[in-house]
Amino acid sequence: MTGSPRATRHSLALILFAAIAAAFLGAHAQGSGEAGAATTPAAASTRSTPSAIAATAPMEAFDLAATVAPPIGTRDTVLIGPPVPRPSGTPCVVELFRDAALPEAGIAWFNGDGVFPYAPPAQCPGPWAKVILKVSFRNDAPATYLDGLMLAQVSLAGVPLYSGGGQDNGVPTHWRVERDVTDYSALLAQPGDGTLEARASPRYPPDFQQPFYASATLLFYPPTPVNRAVRVADEIHPLTSNGWQQVNTPADRVATTLTLPRNVERAYLDVMAHPAHGNDLFWFTCMPDAAMGAFPELASRLAIGPNRRGLEGDLPSQGCRGGSFRQVLVRIDDEPAGLAAVYPRLYPQVNPDRGPRLARPAPPPLALNFMPYRVDLSPFAGKLSDGRPHVVALSMISGGTVTPFDLTGTLLVYRDAGTPQITGAITGNTLAGASFTPAVETSLTRDAATGRVTGSVRTTFTHAHVIEGYVETSRGRIQHRVEQRVGFDNRLVPDALGTGEGEQDDYRLQVRLNSTITGISRRTLGVTVLAEDKETFSYPLALDYHGPSLDLQQAFTRNGEHWRPGVVRYYTRLDHRANLATDTDLWLGEQRYRFRDSHGGCYSADMAAEGGALAAYTQGTDCPDGRNRLFWASHPDGSPESLGWAER
């Protein structure tokens, strides 16, 4: 669909509508309600409510065939992804808050102090088979300050349980998301204080002062003989006191100093990065500093950018500098310990003065529910167990400036229960001393006769490293080996005339980005392999912009292979693709979601939108018997796969 004319877009939408509508039997997972025998609002009394979802099959399948499809023609938010699969049994429910108002950017106020109290459910003491967080947002009028929402988060004791962006459909809007937070059970087993926060670039005139309302609930599933309690981390440590922290330069860090127990056998860091509302909002379109200086046309008012019309009515310049390469670097005591790729989320209004929003009514992948990337720090377990304080830190690396980015990290620690103290050491780290400077090839020129700037800027970065270490445990010496391979290739092709002030000025931009990261982790005890995990993530993006027209093709893919002793090798395949287009009078969207795993799990969904409304929707057509069914312990949303159900 990229680059196609308007008539072709209409034809594609009609063809897709006919094909999907003929097979229509969908199931809209996000709207399903849920309750359990024990419902405990935070700091409130216990009450009982009937179960709204039937128990799953006794073995392990979560059947989605009975859920309700979104109505064709709706302009409310449509999420194509599956819910978090449930184990059998009835959960205990803890309501964190209900209809908490977000009238402005910042932390929502509860009882006058900005925090909501949390206590684990007394009726369902851990350990648990699964814990699921459900979060919902709504507004009663579309003219809210949150039309500039960049990041909403629900955090507990500094750990972000949920993080996501906002949705604006031009009508009263609702959306619901779910997160599997079972891996954070050690945190959830203790009472504490939580916060609800919105980070936004608001508009303050009276027309934009309607609040959003948020609700959040935790579902705790007790273990059963079939769905046993999973192996989870023994300790959870945030890197910040309130979820996310902003950095403005490559030298800035998000860090915490920890003195950990002396029997750390494994450690992982869940990493997320998101641009704040500023120069780096569309970081994958940013030109090198030298190019922006040599060609002022690249800062055209017609370019992609976040700036709104000023109070005097002047159009601000757009475009951004600093180059288009962004990665997150993890350090332990200043030693490089791992990398995390940054997902290229596209804010739906690429130029606030040029045309409609992109993602109505269905947002592209990972727009409303950010997924962390899990970095394996286990080779450093021996060092972390030495009883000394250690600094765990995150920072942004790029080809130039970074202004600004929000970062968050959550450390998961697994201890050796068989001994109070272990020893160990790092035996190799090829990431230490590595260069993180991308290669940049520029062929931009200005036509002497017309003044038009054309050419391309290609930015590439490839890197592979191995980090190894060992720990002397109660079972013997365990060797940890972690490999990472990073690929980044982004080609920007601008076509700019003038700076957007003249009637004949013009600006076009083509973006072709392919970002991948592969992680391979292996634990061995002598010649015995204890665990082997391989995961490859791919974040392709193709964008063609000529304001107010924009075509976007974007995907989030994850392929995983996991092995544990006595467990058949577990495979997962996830592919979420979006094909979106906007024009002054036309919005089109096509999306598909595919997930399969080697335990018989299958989820497929397709949808089409036109004019900001749902035109077609179907689920299950690519699955056996046309039914979506998921393994209860799977992660079809792309969240970290810990395989806690296979480890004892």
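Please work out the ratio of the alpha-carbon Rg of the chain to 2.2 N^0.38 Å and round it to two decimals.
0.95
Accessible area of region 72-160 with a 1.4 Å probe: how many percent of it is carbon plus sulfur?
55 percent
Averaging sequence separations of C-alpha pairs under 8 Å and six or more residues apart, then dividing by the length of the chain, give the relative contact order as a whole percent.
Values: 1874 pairs, mean separation 101.5, N = 648.
It rounds to 16 percent for the chain.
Output needed: Cys residues of the chain lacking any neighbouring Cys C-beta below 4.7 Å, sorted by number.
none
Which percent of the accessible heavy-atom area of region 494-623 goes to carbon and sulfur, probe 1.4 angstrom?
47 percent
Tally Lys and Arg at +1 and Asp and Glu at -1 over the other residues with C-beta under 11 Å from the C-beta of residue 322: what net charge comes out?
With Lys, Arg at +1 and Asp, Glu at -1, the neighbours total 0.
Put a dot 7 Å past each Cα toward the Cβ at residue 462 and residue 189; how far apart are the dots in nm?
Reported label-point gap for residue 189 and residue 462 is 4.6 nm.
If you take the C-alpha gyration tensor of region 511-558, multiply each eigenvalue by 5 and take the square root, what semi-axes do you get, largest first, in whole Å?
41, 7, 4
Which peptide among 361-367, 170-176, 247-253, 564-570 comes first, and what is the full order, when sorted by highest mean count of other Cβ atoms within 10 Å?
Top to bottom by mean Cβ count within 10 Å: 361-367, 170-176, 247-253, 564-570.
Taking the highest mean first, how do the peptides 154-161, 398-405 order by number of other beta carbon atoms within 10 angstrom per residue?
154-161, 398-405
Between rounded, prolate and oblate, where does region 507-648 land on the alpha carbon gyration tensor, with a ≥ b ≥ c its root eigenvalues, rounded for a/c under 1.5, else prolate if a/b exceeds b/c? Write down the numbers at each step before the final one.
Details: a/c = 4.57, a/b = 1.80, b/c = 2.53.
Taking the square roots of the gyration eigenvalues as a ≥ b ≥ c, region 507-648 is oblate.
Work out the FRET efficiency for residue 528 and residue 495 from their Cβ-Cβ distance, taking R0 = 41 Å, and round it to the nearest 0.05.
For R0 = 41 Å, the calculated efficiency reads 0.10.
Tell me, what is a quarter of the convex hull surface for the C-alpha atoms of region 459-541, in nm² with one decimal?
If you wrap the Cα atoms of region 459-541 in a convex hull and average its projections, you get 7.8 nm².
Once every DSSP H run of n ≥ 4 in the chain is given -39500 (n - 2.57) and the sum is divided by its residues, what mean residue ellipticity at 222 nm do you get, rounded to the nearest 500 deg cm²/dmol?
Only helices count here, giving -1500 deg cm²/dmol.
For a label point 7 Å from the Cα of residue 475 along Cα→C-beta, name the residues of region 630-648 whose backbone N is under 17 Å from it.
Under 17 Å, as judged by backbone N against the label point of residue 475, lie 642-648 of region 630-648.
Under the 0.36 nm per residue contour assumption, what length would be gained going from the current alpha-carbon distance of residue 290 and residue 333 to full extension?
So the chain would gain 12.1 nm between residue 290 and residue 333.
Under 18 Å from the Cα of residue 134, which aspartates and glutamates turn up, not counting those fewer than eight places away in the same chain?
The qualifying aspartates and glutamates are 34, 95, 99, 178, 180, 183, 193, 197, 637.
If the cut-off is a Cα-Cα distance under 28 Å, which lysines reach residue 383, setting aside same-chain residues fewer than 8 apart in sequence?
Once the sequence-local lysines are set aside, what remains near residue 383 is 534.
Below 15 angstrom from the Cβ of residue 392, what's the summed charge of the other residues (Lys, Arg +1; Asp, Glu -1)?
That sum, taken over residues with Cβ under 15 Å, equals -1.
If the chain between residue 140 and residue 258 were fully stretched, how many nm would it gain, using 0.36 nm times the residue separation less the Cα-Cα distance?
This chain segment gains 38.1 nm when fully extended.
On the accessible surface of region 395-480, probed at 1.4 Å, how many percent belong to carbon and sulfur atoms?
Carbon plus sulfur share of accessible area: 48 percent.
Give me the net charge for the shell around residue 287: Cβ to Cβ below 11 angstrom, other residues only, Lys and Arg +1, Asp and Glu -1.
On the way: positive: 321; negative: 289, 297.
So the environment of residue 287 carries a net charge of -1.
Per residue, how many Å² of accessible area does region 162-241 show with a 1.4 Å probe?
Each residue of region 162-241 exposes 37 Å² on average to a 1.4 Å probe.
For Cα pairs less than 8 Å apart in space and 6+ apart in sequence, what is the mean separation divided by the residue count of region 455-511, i.e. the relative contact order in percent?
Contact order relative to length: 34 percent.
Per residue, how many Å² of accessible area does region 426-473 show with a 1.4 Å probe?
Values: 2420 Å² over 48 residues.
The answer is 50 Å² per residue.
Solvent-accessible area per residue for region 564-621 at a 1.4 Å probe radius, Å²?
About 32 Å² of surface per residue is accessible.
Just to verify a number: FRET efficiency for residue 647 and residue 74, C-beta to C-beta distance, R0 = 35 Å, to 0.05?
Working from the Cβ atoms, E equals 0.25.
Under 18 Å from the 7 Å Cα→Cβ point of residue 518, by amide nitrogen: which residues of region 432-466?
Only 461-466 fall inside the zone, counting backbone N under 18 Å.
The values are calculated or read from the model by the stated rules, or taken from the named source; none is laboratory data. These numbers were taken from a predicted model, which means no experiment stands behind them. All Cβ positions, even for glycine, are placed from backbone atoms using ideal geometry, and neighbour counts span all protein chains on display. Please note that ligands, DNA and RNA were not included when accessible areas were found on the heavy atoms of the full protein model with its side chains. Shrake-Rupley method; radii C 1.70, N 1.55, O 1.52, S 1.80 Å.
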